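Undergrad: Have a look at the structure that comes next, please.
The values are calculated or read from the model by the stated rules, or taken from the named source; none is laboratory data. Keep in mind that this is a model prediction, so the values were computed, not measured. Cβ coordinates were reconstructed from backbone atoms using ideal geometry, including for glycine residues, and neighbour counts include every protein chain displayed.
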There are 2 protein chains.
Amino acid sequence: MQPVKIGLMGLGTVGGGTATVLLRNCDEIARRVGRKLEVVHAAARDIADQTILDPAKVKLSDDASSVVNDPDVDIVVELIGGYSPAKELVLKAIENGKHVVTANKALIALHGAEIFKAAEEKGVIVAYEAAVAGGIPIIKAVREGLSANQIEWVAGIINGTGNFILTEMRDKGRDFADVLKEAQELGYAEADPTFDVEGIDAAHKLTILASLSFGIPLQFDKTFTEGISKITREDVTFAEELGYRIKHLGIARKSANGIEMRVHPTLIPERRLIANVDGVMNAVLIKADAVGPTLYYGAGAGAEPTASAVVADLVDVARVMDSSPEQRVPMLGFRSDAMQDTPVVAHDEFETSYYIRMQADDRPGVLADVTSIFAANGISIEAVIQKEPKDGQTRVCLIMLTSLIVEKNMTKALSEIEALDSIEGDVTKIRLEHLD
Amino acid sequence: MQPVKIGLMGLGTVGGGTATVLLRNCDEIARRVGRKLEVVHAAARDIADQTILDPAKVKLSDDASSVVNDPDVDIVVELIGGYSPAKELVLKAIENGKHVVTANKALIALHGAEIFKAAEEKGVIVAYEAAVAGGIPIIKAVREGLSANQIEWVAGIINGTGNFILTEMRDKGRDFADVLKEAQELGYAEADPTFDVEGIDAAHKLTILASLSFGIPLQFDKTFTEGISKITREDVTFAEELGYRIKHLGIARKSANGIEMRVHPTLIPERRLIANVDGVMNAVLIKADAVGPTLYYGAGAGAEPTASAVVADLVDVARVMDSSPEQRVPMLGFRSDAMQDTPVVAHDEFETSYYIRMQADDRPGVLADVTSIFAANGISIEAVIQKEPKDGQTRVCLIMLTSLIVEKNMTKALSEIEALDSIEGDVTKIRLEHLD
């Protein structure tokens, strides 16, 4: 059979990795697909500097639109990132009848609906395995591997930078700011780390996972997001004393009130497998009605791990590109005419347990005041640690784990506690999930 | 679209689970596929006793051949197990132009070549996701999710009964025989536990994983198999003291000499995620050249977890049954005309580290004798524990971890050590893998 002809836009980390993997594993891939996957055209801003592709065999451009308009190209791979011009290029590729593979989570989370609609109308495929959890084939697992199930919830460590920071804080007792600086030096974190540490990147990925799991529209704007920049090394240590690890989780859950989509620091029992996923690694834990819990672990970023997912998409597209669109796996797992607009739950209705930490005066009655406020708001205390005041200090550190409680009740209780004369400053609250 | 018409053979644990999941999740599945999956015919020995399927809607037979010969049936699901009549029924279904879904690992491992050849000639699909690691979509992950990669090795906990026994031995300090008896009472282990504890079941699954990973023929007879019945609770404890867990692993590895396929008890570092997979759960760790390590975890057995995989196969078949056979994912991942008959490595050429335990006389020179023999055979010692003799005993327990060594050299060294007057009885050896 004829080779599949690929146009590559972007030759940065992931683009370079993709070109490298396609060249190195060309024969192994052809043994699987029955035809070769050939890069015929590539574009990048500094295309003259690239050293991976052979200019004698591959057209090279500094203008990405020449790739989407190249009649020789069957599949366009978008590895530029960001919203623009990625979106316009992808839509133009679709208009030109080309299939698209992308690793762009921001693009899919925000503009997926428009892009998938255009693709459906044109009968082409948009594949995006690399957009969530890098090299882990998690889109395929949710969309195809678990297709027999009603998915109950998904909980993922889906940002490697954040997980690296939390792991270093725990392993070495370091502070957030200190580890972040190292992560930036190592190249794990961007100069502007907001996307990673404030959970925006994870929220993009969670938006996609929620849609795939429940057959709901992509709704990035309704995803609740809380970052890890306020987590202190004391919180990490106290959590450990209580038998928990703090992880930055993306959680999507179907509850009686609708769908919860939330990204936040979370205490999880240390015995859970996902609590032991360390460093830059990613993992996604899925609870589904027939299969029960399954977990998928691997590298969530990096040149070749991400390329692994991009090329797997190319293989999938190569296999089905000539079949009728009716027979293909729907782009969001559920058919577009079967999507349900289940309500999304507001964050003050989320029901979780909590880790609470506060500074209190070291005098009689303080614990009684605090616990009465919790009791009056329907909150049970499951565990307490009280740390004696350090030399010369008059305040004690009070840590509590609570039972399940609706967030708005917790917010009310904490505002009452913060108003007490005996409590200094803000009370720290971190959500706790048992994941069972 | 017309519903897909399913014929179900076997209504035991997995068959009952499959019928239950198809009924309960009928609507959710139709939202994904765009058509219903309907059981139209079911057969089981004691069909009159079944209570899941509605006799007003489903033909019920006590003769499975009536299912494979039913012109109404599009896909036959074989959940009878064993070699015969499963093999004859599957071949007859193929001859009749029906697609087949099976959970039968023994059948695929031993007769897969014949079955897949018949299916290719007839242009039908044989799907078997449930045959390896139950509900974990591991076939899909290897065959499609990692299709960009050259796979280096696969290491899996792929027998839940064995893992339950080893977990109980470690957690509760119990003996093998004692836990096995409980596992039989709980229904985790068969009355004849040979398939599970001697690694035959794991070897069936490993045979399939090796074929999928490397594009080699199914070769169950060349898979090296060693069971867990000789593991003592002392070994489990000593391993733990040294920072390791003992797991019954199936390992397939591409080495310079060819393909290694082996099932045996293995020490693995306790920090590895797979070392923390406990109880009846399964996990498969895969090292591949582009993505690096990825791990897949979930229930490896049970009614609904296995049904989850069976029904996922039904969904896959329903999606592509009307497409050209050329466009489908090859049954063993690689196209049948691209299989390679890479040599399989004999077990005396396997190179691993070892855990060694022996009973030695408590007198000067014994340790020197033992270590000289190891040195003479090129074996380095990485760690030693010597346990003082218990009251009234004159023998000490000597435990060693070795560096990497080819098995035949270890066998020679151990036979020399066993011949020493100062060593009592057989020396215990358990392989050790770092899995990095």
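Undergrad: Could you run through segment B:12-40 and say how many residues are among the small types (Gly, Ala, Ser), part of a helix (DSSP H, G or I) and either away from chain A (no Cβ under 11 Å) or surrounded by 23 or more Cβ atoms within 10 Å (Cβ to Cβ) (or both)?
TA: Total satisfying the criteria: 4.
Undergrad: Given the condition within 11 Å of chain A (Cβ to nearest Cβ), surrounded by fewer than 20 Cβ atoms within 10 Å (Cβ to Cβ) and hydrophobic (A, V, I, L, M, F, W, C), answer yes or no: does some residue in segment B:233-251 qualify?
TA: no
Undergrad: Looking at (1) under 25 Å from B:Glu198 (Cβ atoms); (2) out of contact with any Pro (no Cβ under 8 Å at 6 or more places or on another chain); (3) part of a strand (DSSP E or B), which one does B:Pro293 not meet, given that it meets all the others?
TA: With (1) under 25 Å from B:Glu198 (Cβ atoms); (2) out of contact with any Pro (no Cβ under 8 Å at 6 or more places or on another chain); (3) part of a strand (DSSP E or B) applied to B:Pro293, the lone miss is (1).
Undergrad: Check B:Ile115 against each of (1) within 18 Å of A:Arg32 (Cβ to Cβ); (2) more than 9 Å from every other protein chain (Cβ to nearest Cβ) and name the one condition it does not meet.
TA: (1)
Undergrad: Take A:Asp361 and tell me if it is in contact (Cβ under 8 Å) with a residue 40 or more places away in the chain, of a type in the set (D, E, K, R) and assigned by TED's automatic domain parsing to the domain that holds A:Thr411.
TA: Yes, satisfied.
Undergrad: For segment B:374-405, name all the residues that are within 25 Å of B:Phe350 (Cβ to Cβ) and surrounded by 18 or more Cβ atoms within 10 Å (Cβ to Cβ).
TA: The answer is B:Phe374, B:Asn377, B:Ile379, B:Leu398, B:Ile399, B:Met400, B:Leu401, B:Thr402, B:Ile405.
Undergrad: Hey, another quick one. Taking segment B:177-197 on its own, how many of its residues are of a type in the set (Asp, Glu) and under 15 Å from the mean Cα position of the chain (by Cα)?
TA: So the count comes out to 1.
Undergrad: Being away from every other protein chain (no Cβ under 11 Å), within 17 Å of A:Ala133 (Cβ to Cβ) and either out of contact with any Asp or Glu (no Cβ under 9 Å at 6 or more places or on another chain) or modelled with pLDDT of 95 or more (or both), is that true of even one residue in segment A:281-297?
TA: For segment A:281-297, residues away from every other protein chain (no Cβ under 11 Å), within 17 Å of A:Ala133 (Cβ to Cβ) and either out of contact with any Asp or Glu (no Cβ under 9 Å at 6 or more places or on another chain) or modelled with pLDDT of 95 or more (or both): absent.
Undergrad: Within segment B:331-345, how many residues are more than 7 Å from chain A (Cβ to nearest Cβ) and touching a residue at least 24 places away in the same chain (Cβ under 8 Å)?
TA: The total comes to 10.
Undergrad: Within segment B:306-337, count every residue that is assigned to a helix (DSSP H, G or I), at pLDDT 90 or above, in contact with a helix residue (DSSP H, G or I) (Cβ under 7 Å, 6 or more places away or on another chain) and not small (Gly, Ala, Ser).
TA: Selection size over segment B:306-337: 8.
Undergrad: Would you confirm, using the coordinates I've provided, whether B:Thr167 is crowded, with 24+ Cβ neighbours inside 10 Å, touching an Asp or Glu at 6+ places or on another chain (Cβ under 6 Å) and at pLDDT 95 or above?
TA: Criteria not met by B:Thr167.
Undergrad: When you look at B:Leu212, is it buried (at least 18 other Cβ atoms within 10 Å of the Cβ), touching a strand residue (DSSP E or B) at 6+ places or on another chain (Cβ under 8 Å) and assigned to a helix (DSSP H, G or I), yes or no?
TA: Here the answer is yes, as B:Leu212 does meet what is asked.
Undergrad: Let me confirm something: among A:Ser380, A:Ser323, which residue is within 11 Å of chain B (Cβ to nearest Cβ) and over 30 Å from B:Asn276 (Cα atoms)?
TA: Just a single option satisfies the conditions, and that option is A:Ser323.
Undergrad: Scan the strands (runs of 3 or more DSSP E) fully inside segment B:50-130 and keep the ones with 1 or more residues being over 18 Å from B:Leu314 (Cβ atoms).
TA: Answer list for segment B:50-130: B:59-61.
Undergrad: Further, regarding this structure: Just wondering, is there one or more residues in segment A:33-49 that are modelled with pLDDT under 95 and touching a Lys or Arg at 6+ places or on another chain (Cβ under 7 Å)?
TA: yes
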